[in-house]
Amino acid sequence: MSRDALVTPGQLMLSQEDFAGLPDGRCVTKWTFGSCDNVTVEVLSLGARLQAVNAPDRSGRRANVVLGGDSVADMLGAASFFGATVGRYANRIAHGALPLDGVTHRLATLAGGHTLHGGPNGFATRLWDGVPVRADRRIGVRLRTRSRAGDQGFPGNLTAEVTYLLDPEGELSIAYRATTDAPTVVNLTNHAYLNLAGEGSGTVLDHLLRVEAAEYLPVDEDLIPLGPAAPVAGTPFDLRRARRIGTSIADDEEQLHRAGRGFDHTWVLDGTGYRRAAVLSHPASGRRVECLTTEPGIQVYTGNHFDGSLRGRSGRPYPAHAGIALETQHFPDSPHRPRYPSTVLRPGERYRSRTAYRFSAG
């Protein structure tokens, strides 16, 4: 049942309702906002999660283009990262070791012995506090969580905030903020899987992908960067012109095999400041999403390890390559790489990051 509803002058609407209960009795809230004739978005307080983006195709037919579980059990289990705000540190920190100011902090790890997306009980599993917001012609929700010193091994009390705002043209902006009372590291991103043909419709192998990057980070068998960036020229990682995903990952390239037959790598984005990072399109439906960011890198993951065991909101199983994640972020394992852009946040500083996804059809 709806608990709240807002309508803006531009016919952008927002509603708030109880979504489900957690095992401890707390309630997960869902916000739905957008335009009845264009893009609408669903966000959950569990994991500050992008649960759905309903976008029209070239004929005006709308479909949800974001993968996700349909139950709290899924969101606390196999689908915990789907659409979630992940942190404190998106991607990997090798061996769960965080060197900072002469002290090595031991972080919580997952199978394999590395810290991934903030640890097994990172931000994706938290119940965030949220409030609806309006700004200019945009409408959405702002969510906040507090991570205490020692949470998953990270130092410092951290307050993190993410704001989702949608405009009438279909641009979804995601802005991140964080502050700390002691030196720590921060690297936040959204982990939505996209399928522009529609959630549960098959694979993204027929999608076209362009990435604005002349370099990428090769990885070892555990997907930890080997070190310096390498040129994309002459490799399947050269996406400076749009290429069919299925064609790119079919290449007999060692790096693709290390990632489980596909992409699970960081591209070093060209330029600085707020600029275009990638463009994903689906020729059959005409749907297109342009990704813009202030971040230095983008992790592209093509769902290589999906095996059909998880069923999404459509009730259909997710096979390998059922979706693609475009995770704007700082580089993996930066705490061990002094030459990478720093992820250190100190008292008195404010972490800021902005990413947008512009949905369109034609």
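The values are calculated or read from the model by the stated rules, or taken from the named source; none is laboratory data. Only a predicted model underlies this, so the values are computations on that prediction, with no experimental measurement involved. FYI the Cβ positions are ideal-geometry reconstructions off the backbone, even for glycines, and counts take in every protein chain you see.
Here is how the numbers come out for the structure above:
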| read-out | value |
| --- | --- |
| Where a residue in region 171-184 is in contact (Cβ under 8 Å) with a residue 12 or more places away in the chain and its partner, wherever it lies, is of a type in the set (A, V, I, L, M, F, W, C) and not in a strand (DSSP E or B), with Cβ under 6 Å and at least six apart | Tyr176/Leu188; Ala178/Val186; Thr184/Phe154 |
| Residue count for region 70-97, restricted to those that are assigned to a loop (DSSP other than H, G, I, E, B) and either within 20 Å of Val53 (Cβ to Cβ) or among the aliphatic types (A, V, I, L, M) (or both) | 11 |
| Counted residues, region 267-313 - those being without any contact (Cβ under 8 Å) to a residue 60 or more places away in the chain and part of a loop (DSSP other than H, G, I, E, B) | 11 |
| Candidates Leu196, Leu158, filtered to the one that is surrounded by 23 or more Cβ atoms within 10 Å (Cβ to Cβ), aliphatic (A, V, I, L, M) and within 21 Å of Ala52 (Cβ to Cβ) | Leu196 |
| Region 133-149, residues that are within 21 Å of Ser334 (Cβ to Cβ) and surrounded by fewer than 18 Cβ atoms within 10 Å (Cβ to Cβ) | Ala149 |
| Failed criterion for Ala111 (all others in (1) out of contact with any Pro (no Cβ under 9 Å at 6 or more places or on another chain); (2) surrounded by 17 or more Cβ atoms within 10 Å (Cβ to Cβ); (3) among the aliphatic types (A, V, I, L, M) hold) | (2) |
| Subset of region 116-147 (residues that are acidic (Asp, Glu) and farther than 19 Å from Val72 by Cβ) | Asp136 |
| Among (1) modelled with pLDDT of 95 or more; (2) within 27 Å of Ala259 (Cα to Cα); (3) buried (at least 16 other Cβ atoms within 10 Å of the Cβ); (4) not β-branched (Val, Ile, Thr), the one test that Asn54 misses | (2) |
| Tabulated pairs, region 247-261, first within 13 Å of Gly234 (Cα to Cα), second at pLDDT 90 or above and surrounded by 15 or more Cβ atoms within 10 Å (Cβ to Cβ), C-beta under 6 angstrom, 6+ apart or interchain | Ser248/Pro236; Asp251/Pro236; Glu253/Pro236 |
| Check on Ala320, under 23 Å from Asn190 (Cβ atoms), touching a residue at least 60 places away in the same chain (Cβ under 8 Å) and buried (at least 22 other Cβ atoms within 10 Å of the Cβ) | no |
| Top-ranked residue in region 41-69 [being part of a loop (DSSP other than H, G, I, E, B) and small (Gly, Ala, Ser); ranked as farthest from Phe123 (Cα to Cα)] | Ser59 |
| Out of Arg350, Arg337, sole residue that is surrounded by 14 or more Cβ atoms within 10 Å (Cβ to Cβ), over 20 Å from the mean Cα position of the chain (by Cα) and not polar (S, T, N, Q) | Arg337 |
| Residue that is modelled with the lowest pLDDT, among those in region 260-305 that are farther than 23 Å from Ala175 by Cα and surrounded by fewer than 19 Cβ atoms within 10 Å (Cβ to Cβ) | Gly260 |
| Of all residues in region 212-228 being under 25 Å from Leu292 (Cβ atoms) and small (Gly, Ala, Ser), the one that is surrounded by the most Cβ atoms within 10 Å (Cβ to Cβ) | Ala213 |
| Filter result for the condition that a residue is among the basic types (Lys, Arg), farther than 15 Å from Asn195 by Cβ, at pLDDT 95 or above and in contact with a strand residue (DSSP E or B) (Cβ under 8 Å, 6 or more places away or on another chain), over Arg352, Arg339 | Arg352 |
